[in-house]
Amino acid sequence: MKTINRLIAVLVFLTFAAPVRAAEINVLCSNGLKAVVDELAPMFEKKTGHKVVLTFEPSTQIQKRIEAGEAFDLAVMTTPLIDQEIKAGRLTADSRAIIARSGLGLSVRAGSKKPDIKTVESFKQALLNAKSITYATAGASAAPFEALVDKLGVATQVKPKYNLRPTASQVGEVVADGTVEIGVAPVSEILPVKGVDLVGPFPSELQSYVVMTAGISSKAKERAAAKALVDFLMAPANSAVIKAKGMER
């Protein structure tokens, strides 16, 4: 009996002493959550021992990668695109998780005068007064900003001022070097850019939100680790990071 008890004790010890296998999680992540993930991913790696392999692109480009059959474990995109891929069976429905959202904002070159955009009328006037305006054609802010310009009735005056760029990072570059006076992007994609200042978010009456949502691949090799990463991003303890990066739950 003593021998059996010793054997059981050894087996229990070995079971709990065995290290958890470190996984390599392949993540396709929208630029809209880049600032958040850049800070939280290393913390997750240190806590779990897993490795997070990140690819950052606009959500529309990530969707193209997924539809082309690229292997990945976790995708973070705008909600409508996540839902499309769930419907197509490329992401699992039970993994869908809304991480955070960011409102749209305006940026100017660092140190330059900031226009008043606190009210609808002052925001409208800022667009009319600007010499040039840019936004990312591949970004999630493009469609809502275009719709807003139409709604405000200033399309005829504002659209000739456009000097557009494909991505939000390129928008930041041309605003920072003074090529373009005003940039439009999610606040979370303005704050990390060196050489630009955030003028502020759109007035609440005009605001649109870019919502970042996660989904796990239906062919994920590291499903459990990917789920653990999503849970970590959503943990209340990390809400301060979300807020600091210009986002909200």
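Overview of results
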{"quantity": "Matching entry among Glu67, Glu57, Glu85 (being closer than 18 Å to Ile216 by Cα and either modelled with pLDDT under 95 or in the same structural domain as Tyr162 (by TED's automatic domain parsing) (or both))", "calculated": "Glu57"}
{"quantity": "Among the candidates Gly178, Gly183, Gly111, residue that is under 24 Å from Glu248 (Cα atoms) and either touching a Leu at 6+ places or on another chain (Cβ under 9 Å) or at pLDDT 95 or above (or both)", "calculated": "Gly183"}
{"quantity": "Selection from the range 142-169 of residues that are in a helix (DSSP H, G or I), within 25 Å of Ser112 (Cα to Cα) and among the basic types (Lys, Arg)", "calculated": "Lys159, Lys161"}
{"quantity": "Number of positions in the range 23-68 that are in a helix (DSSP H, G or I) and among the acidic types (Asp, Glu)", "calculated": "4"}
{"quantity": "Filter result (assigned to a helix (DSSP H, G or I) and surrounded by fewer than 17 Cβ atoms within 10 Å (Cβ to Cβ)) within the range 106-141", "calculated": "Val120, Glu121, Ser122, Gln125, Leu128, Asn129"}
{"quantity": "Of the criteria (1) touching a Lys or Arg at 6+ places or on another chain (Cβ under 9 Å); (2) at pLDDT below 95; (3) in a helix (DSSP H, G or I), which one Phe13 fails", "calculated": "(1)"}
{"quantity": "Within the range 159-196, tally of residues that are over 19 Å from Ala138 (Cβ atoms) and either among the hydroxyl-bearing types (Ser, Thr, Tyr) or surrounded by fewer than 19 Cβ atoms within 10 Å (Cβ to Cβ) (or both)", "calculated": "6"}
{"quantity": "From the options Ala140, Ala130, Ala93, Ala155, residue that is small (Gly, Ala, Ser) and touching a residue at least 60 places away in the same chain (Cβ under 8 Å)", "calculated": "Ala140"}
{"quantity": "Leu33 among the hydrophobic types (A, V, I, L, M, F, W, C), over 16 Å from Arg223 (Cα atoms) and surrounded by 14 or more Cβ atoms within 10 Å (Cβ to Cβ)", "calculated": "yes"}
{"quantity": "Candidate set: the range 197-249, residues that are farther than 26 Å from Ala185 by Cα and of a type in the set (Ser, Thr, Tyr); chosen: the one surrounded by the fewest Cβ atoms within 10 Å (Cβ to Cβ)", "calculated": "Ser218"}
{"quantity": "Test: residue in the range 223-234 that is in a loop (DSSP other than H, G, I, E, B) and at pLDDT 95 or above", "calculated": "no"}
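The values are calculated or read from the model by the stated rules, or taken from the named source; none is laboratory data. For clarity, every value in this text was computed on a predicted model and none was experimentally measured. Backbone-built Cβ (ideal geometry, glycine too); neighbour counts: all protein chains shown.
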